[in-house]
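The values are calculated or read from the model by the stated rules, or taken from the named source; none is laboratory data. Fair warning: this is a prediction, and the values are worked out from it, not measured in the lab. FYI the Cβ positions are ideal-geometry reconstructions off the backbone, even for glycines, and counts take in every protein chain you see.
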Amino acid sequence: MGQEFSAPDLSASDLLSANFSGEPGTVKTITKTVTRDDVMDEMKPILRRLSDDKWTPELSADIAAVLTPHKLKVMPPRSKAVLSEWIYEQEDQKYLQWLKNASDDLLSVTWSEKKWIPGVKVWSRWHPANLSLNMLEDATDDFSPEQKKLVQDHVNDVKRSLQREKEREPEQFEQLTATVLKAIEKLEDKMEDRLRMVQDEIR
């Protein structure tokens, strides 16, 4: 038995928050699922400590660090009962509300979250990759017209590819950016070598 939830929309302040680049941000909807098996693999050691050990501040901190309302929903009734003893002793009433909302016996829970990705983190003229590409374009002023056009064409291809990455996760995008920066460095080295060869030929 499973259950699905939808997270509320982002607040207006989230959606309207501006960044200095003027580049629009994006809103990405992420679907997440937790299952009883996965949650119990994580929670069993804590439940064992809760049953066998004294309730110490350290144990309470460990529980608070891993327990979420979604995890509580998919735990078996016996495990919820063990946790309920700890929950009723907590000053933070959110845990009691979580327990009340976890009355159904569910094997999985699926929900969606909206994530705001600011434009400045996604792509802007101040992004390190864009700055490096612009510097590479500027460096072609010493090249022949044919070489300059070739470099500019490649640079524009890279910029268009990066622009299409807006919908990717920030972590994935940053990995892509790191790869692009390394590729740019290699291209710069090759062009410097080529420029030196041309200058030597002229001499």
Q: Scan (1) assigned to a helix (DSSP H, G or I); (2) modelled with pLDDT under 80 for the single condition S124 breaks and write down its number.
A: (1)
Q. What number of residues within region 67-112 satisfy the criterion of being under 14 Å from K44 (Cβ atoms) and surrounded by 12 or more Cβ atoms within 10 Å (Cβ to Cβ)?
A. 9
Q | Residue identified as outside any strand (DSSP E or B) and modelled with pLDDT of 95 or more among K54, K80 | A | K80
**Q.** Selection from region 147-190 of residues that are closer than 15 Å to N134 by Cβ, at pLDDT 75 or above and of a type in the set (A, V, I, L, M, F, W, C)
**A.** V151, V155, V158, I184, L187
